[in-house]
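Take a look at the structure set out below.
Please treat every number below as a calculation from the coordinates, not as lab data. Quick caveat: nothing in here was measured; it's all calculated off a predicted structure. Using ideal geometry, Cβ is built from the backbone for each residue, glycine included, and neighbour counts are taken over all protein chains shown.
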Amino acid sequence: MRKYQGRKSLDLALLEIDTKITVLSSQVQAVFKDSMKSFYNKDLKRSQKIIEEDILINNFSKEVETQSIEIIRDQAPLASDMRKLTSLIFVSQELERIAD
């Protein structure tokens, strides 16, 4: 469990979450493209790989959510930081849903 203290550590934690959202977005985009190719080519092996990757994406999304909640709990961010964190949680959930 991480303990966040001070504005600088909050900024670093927010940057880390931003980076993870970017990674998650790239993963979802790749899976989406693969799923379209798999569907078009009726490729069952690729489809199975996509299902396995979905599990990883689900776990990564949960990690982002958990880390965001820990930041909220430990830092008690105000106004814009709180809005940003809750927005990032929603983005993470939507990206995970797209990957499904």
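Placing +1 on the Cβ of every Lys and Arg and -1 on the Cβ of every Asp and Glu, with nothing else charged, gives the chain a dipole about its Cα centre of roughly 120 debye. Values (i) 6.2; (ii) 5.6; (iii) 12.7 are given for comparison; mean projected area of the Cα convex hull in nm², derived from the coordinates here, is the one labelled (i). With respect to the chain, whose longest principal axis is taken over its alpha-carbon atoms, helix 6-41 is tilted by about 10°.
Applying the Karplus relation 6.51 cos²θ - 1.76 cosθ + 1.60 with θ = phi - 60° to segment 80-97 yields 3J(HN,Hα) values of 5, 5, 5, 4, 5, 4, 5, 5, 5, 5, 5, 4, 4, 5, 5, 4, 4, 5 Hz, where x marks Gly and Pro.
Among Lys37, Lys42, sorting on how many other beta-carbon atoms sit within 10 Å of each Cβ, with the fewest leading, yields Lys42, Lys37. Please give, to one decimal in nm, the separation of the simple spin-label points placed at Gln93 and Lys49, each 7 Å out from Cα toward the Cβ. Between Gln93 and Lys49, the label points sit 3.2 nm apart. Here is the size of segment 56-98 from its Cα atoms: Rg then Dmax, 10.6, 32 Å. Distance between the modelled labels on Lys84 and Lys62, one decimal in nanometres: 2.7 nm (7 Å Cα→Cβ projection).
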